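Undergrad: Below are the structure tokens for one structure; questions will follow.
The values are calculated or read from the model by the stated rules, or taken from the named source; none is laboratory data. Note that the structure is a prediction, hence the values are computed from the model and not measured. FYI the Cβ positions are ideal-geometry reconstructions off the backbone, even for glycines, and counts take in every protein chain you see. Surface accessibility is based on the protein's heavy atoms, side chains included, excluding ligands, DNA and RNA. Shrake-Rupley method; radii C 1.70, N 1.55, O 1.52, S 1.80 Å.
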Amino acid sequence: MPFCYMKASFGCKKTFSIPHIMAGSTIGEPCEKEDEQEMEKDIYTHDGSVDWNGHPCIRKKSGGWVVGILLLANQGLATLAFFGVGVNLVLFMMKVMRLENAKAANHVSNWTGTAYIFSLVGAFVSDSYWGRYKTCAVFQLIFIAGLVELALSSYFLLLRPCVPSDANPDCKPPTDLEILIFYISIYQIALGNGAYQPVVTTFGADQFDEQDKEEGQSKMAFFSYFFMANNLGTLFSNTLLAYVEDRGDWVLGFWISAGAAFLAAVLFFAGTPQFRHFKPGGNPLTRVSQVVVASMKNWKVTVPPEGENLYEDDKKHCAINGGRKILHTPDFTFLDRAAVYTDKDPTSEDQEQPLRPWSLCTVTQVEEVKSILRLMPIWLCTIIYSLVYAQMSSIFIEQGAVMKTSISSFHIPPACMSLFEVSSVAAVILLYRLYIVPFLKVSNGRLKGLTELQRMGIGLVISTVAMILAGLVELQRLKHAKKDCYTCRGSSSLSILWQIPQYVLIGVSEVFMYVGQLEFFNNQIPETIKSFGSALYVANMSAGSYLSSLLVTIVMDITGKGDQTGWISENLNKGHMDRFYFLLAALNTLDLVVFMACAKRYRCILLDGRVQFGNDDRMSKTDI
């Protein structure tokens with residue numbers, strides 16, 4: 001049997017350097033033993049994930065598509081439950097809570113926005129203290145409890161004493177206490193689902209080791225299928241539950257949502273033995289504050305050229321609970337002062353952290369802050385898109401309600417029209433993954449087709465076209481509408497089916513924008529704050545919903561002064577909702593120009609040891 005020596009190893013496939021021998025190999029050790037060690041390493045994941053007991057994960061016994069499918073089903077059911085409440089909430093508030101059109105739309109936008117803003121709460125708790133599994137478990141239980149409270153309060157406090165209908169015209173509006181209990185339940189739902197969403201997205205991605213070529217590709221595919229599961233959940237909520245609730249069976253719809261959320265939780269807990277976990281990285285606010293304070297203290301210190309001799313932990317993983325190191329980048333050089341050695345900052349090789357962390361930080365810690373700063377312009381540029389997207393749950397439904405909603409004797413609930421958006425999402429994801437990506441791999445050598453930023457830009461273009469079409473449909477609706485009407489429901493002879501193109505285009509734009517965002521934020525955020533990356537995607541929707549509410553208010557204040565009829569008036573046949581759509585298209589176009597400028601300047605994060613598959617170079621500037 002040939003043996004491997006320190007100098008020469010004739011007949012051996014591998015030679016070992018002096019550092020290797022000092023690390024544990026001995027002169028005369030068989031080459032086959034090293035091969036066995038390499039094979040043993042392949043048994044475990046390489047991304048630092050651990051099992052339930054904190055041990056390194058065995059690849060074949062954890063993660064992968066087995067638990068990935070459970071999480072996809074969990075997401076579909078949870079989405080069904082959440083949007084089962086939200087799909088007709090605007091009509092519920094108009095009929096039961098007696099709110100006007102604009103107020104009802106604003107309340108729904110605020111509720112949706114609050115649900116999304118709670119994503120930051122879930123991300124912070126997950127990344128800092130609880131970890132992703134515990135965070136998902138706790139907030140799912142809060143979500144289920146809120147749905148049960150909503151079903152009970154709606155029946156006993158709002159609908160049982162007084163069912164609003166033409167046969168009961170003297171029905172009294174709900175009392176302040178009943179309204180308070182109702183809002184507590186729906187905002188508890190917002191907390192549970194909102195805090196859970198970004199964490200389960202990242203937790204699902206954790207089940208695939210990006211250091212493995214096959215699992216790395218599966219991880220990218222997971223984001224697309226996760227988004228498709230999300231939309232398939234809305235397909236059922238926007239058809240079955242929308243039809244049930246449109247008939248006035250609100251309580252039954254709320255109980256169906258509660259049952260779906262309970263089943264989702266059962267599937268989640270069923271995968272517990274096989275889940276892969278990452279340890280929480282500690283409070284990121286403290287780390288960010290340390291970098292800011294240290295850079296201010298060292299304001300007069302000269303930064304070495306090209307980031308040379310900056311402080312970094314000598315260990316393989318960074319000091320932030322085992323996360324990988326981040327390589328230095330030349331952006332935001334003023335922050336590099338936090339990693340410059342000074343006479344006041346002695347360090348010891350026996351310690352994992354500098355003696356004065358508020359005066360000297362590692363390069364990885366500084367780059368963590370830089371990565372967040374680089375993402376902010378991109379994130380801000382996508383808020384306008386979310387403003388456009390928010391119209392599906394409010395303005396689109398109000399527009400559909402005043403159109404002809406019947407085909408022969410069959411009535412189409414306005415909220416059900418979003419099934420065309422959901423169907424287009426599923427179709428485009430499958431088309432993109434099965435046909436477009438393979439074609440692009442052959443044509444330009446890229447592994448994953450278009451870059452995330454390119455897809456996001458395409459989403460902005462398509463959503464702009466959708467708003468223009470929606471405005472043209474509204475112009476035609478007004479031509480076929482009765483100007484003098486009481487409720488204006490179904491007062492136009494133009495069929496609601498004319499809304500199909502705008503819903504389909506919004507669905508297509510979602511695939512490019514939101515799936516691109518999921519992948520982009522997950523790839524460009526350090527491992528220790530991965531949930532924060534997914535929270536940025538969800539918080540984007542929150543900001544869009546709030547901005548939608550603000551924009552509607554501003555538009556009504558400007559266009560509804562005095563005796564003028566506002567663009568989104570109580571009688572939509574006397575308003576000009578078409579102008580509102582065209583305004584959104586103009587804002588989207590302006591946003592696209594700014595987004596392209598920001599994307600051109602964006603520099604990707606540089607993770608030490610990140611495996612590159614194919615020719616997709618994430619180390620260079622990403623352009624659109």
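Undergrad: So in region 311-359, with the set limited to residues that are over 17 Å from residue 299 (Cα atoms) and of a type in the set (Asp, Glu), which one is modelled with the highest pLDDT?
TA: Taking the candidates together, the pick is 312.
Undergrad: Moving on. Is there a residue being modelled with pLDDT of 85 or more, among the aromatic types (Phe, Trp, Tyr) and farther than 21 Å from residue 88 by Cα anywhere in region 199-218?
TA: yes
Undergrad: Looking at (1) more than 23 Å from residue 122 (Cα to Cα); (2) at pLDDT below 90, find the lone condition where residue 464 falls short.
TA: (2)
Undergrad: Right, another one. Which members of region 547-556 meet the condition of being without any contact (Cβ under 8 Å) to a residue 60 or more places away in the chain and open to solvent by 50 Å² or more (accessible area, probe 1.4 Å)?
TA: Matches in region 547-556: 550, 554.
Undergrad: Separate question: Which condition from (1) at pLDDT 85 or above; (2) more than 24 Å from residue 125 (Cβ to Cβ); (3) open to solvent by 40 Å² or more (accessible area, probe 1.4 Å) is the one that residue 289 breaks?
TA: Just one mismatch for residue 289, condition (2).
Undergrad: Let me ask something else. When you scan region 241-286, how many residues do you find that are charged (D, E, K, R) and surrounded by fewer than 22 Cβ atoms within 10 Å (Cβ to Cβ)?
TA: Count: 4.
Undergrad: If residue 132 passes every condition in (1) buried (at least 20 other Cβ atoms within 10 Å of the Cβ); (2) over 18 Å from residue 188 (Cα atoms); (3) out of contact with any Lys or Arg (no Cβ under 9 Å at 6 or more places or on another chain) but one, which one does it miss?
TA: Only one criterion in (1) buried (at least 20 other Cβ atoms within 10 Å of the Cβ); (2) over 18 Å from residue 188 (Cα atoms); (3) out of contact with any Lys or Arg (no Cβ under 9 Å at 6 or more places or on another chain) is unmet by residue 132, namely (3).
Undergrad: Select from region 482-506 the residues that are at pLDDT 70 or above, of a type outside the set (S, T, N, Q) and open to solvent by 40 Å² or more (accessible area, probe 1.4 Å) and list them in ascending order.
TA: 482, 497, 498, 500, 501, 504, 505
Undergrad: Go through the residues of region 563-578 one by one and say whether even a single one is touching a Phe, Trp or Tyr at 6+ places or on another chain (Cβ under 9 Å), in contact (Cβ under 8 Å) with a residue 24 or more places away in the chain, within 14 Å of residue 396 (Cα to Cα) and among the charged types (D, E, K, R).
TA: Yes; the residues of region 563-578 include at least one that is touching a Phe, Trp or Tyr at 6+ places or on another chain (Cβ under 9 Å), in contact (Cβ under 8 Å) with a residue 24 or more places away in the chain, within 14 Å of residue 396 (Cα to Cα) and among the charged types (D, E, K, R).
Undergrad: Let me ask another. I'd like to check something: does region 103-122 contain any residue that is of a type in the set (Lys, Arg), open to solvent by 20 Å² or more (accessible area, probe 1.4 Å), part of a helix (DSSP H, G or I) and at pLDDT 80 or above?
TA: no
Undergrad: Filter region 439-453 down to residues that are closer than 17 Å to residue 522 by Cβ and open to solvent by 20 Å² or more (accessible area, probe 1.4 Å) and give me whichever is modelled with the highest pLDDT.
TA: Only one residue tops the list, namely 450.
Undergrad: Could you list all residues from region 553-593 that are closer than 30 Å to residue 378 by Cβ and of a type in the set (S, T, N, Q)?
TA: Once the filter is applied, which keeps residues that are closer than 30 Å to residue 378 by Cβ and of a type in the set (S, T, N, Q), region 553-593 yields 553, 588, 589.
Undergrad: Within region 557-596, track down each residue that is open to solvent by 60 Å² or more (accessible area, probe 1.4 Å), farther than 16 Å from residue 481 by Cβ and not in a helix (DSSP H, G or I).
TA: 561, 562, 563, 564, listed by residue number.
Undergrad: Answer yes if at least one residue in region 429-438 is farther than 16 Å from residue 467 by Cβ, at pLDDT 85 or above and over 19 Å from the mean Cα position of the chain (by Cα), and no otherwise.
TA: Yes, there is a match, as at least one residue in region 429-438 is farther than 16 Å from residue 467 by Cβ, at pLDDT 85 or above and over 19 Å from the mean Cα position of the chain (by Cα).
Undergrad: Out of all the residues in region 81-128, which are within 18 Å of residue 550 (Cβ to Cβ), polar (S, T, N, Q) and more than 22 Å from the chain's Cα centre (by Cα)?
TA: 101, 106
Undergrad: Within region 467-475, is there a residue that is more than 20 Å from the chain's Cα centre (by Cα), open to solvent by 20 Å² or more (accessible area, probe 1.4 Å), within 25 Å of residue 378 (Cα to Cα) and modelled with pLDDT of 90 or more?
TA: yes
Undergrad: Within region 512-567, count every residue that is of a type in the set (Ser, Thr, Tyr) and under 14 Å from the mean Cα position of the chain (by Cα).
TA: 5
Undergrad: Does region 360-410 hold any residues that are modelled with pLDDT under 85, more than 27 Å from residue 509 (Cβ to Cβ) and in a loop (DSSP other than H, G, I, E, B), and which are they?
TA: Selection gives 408, 409.
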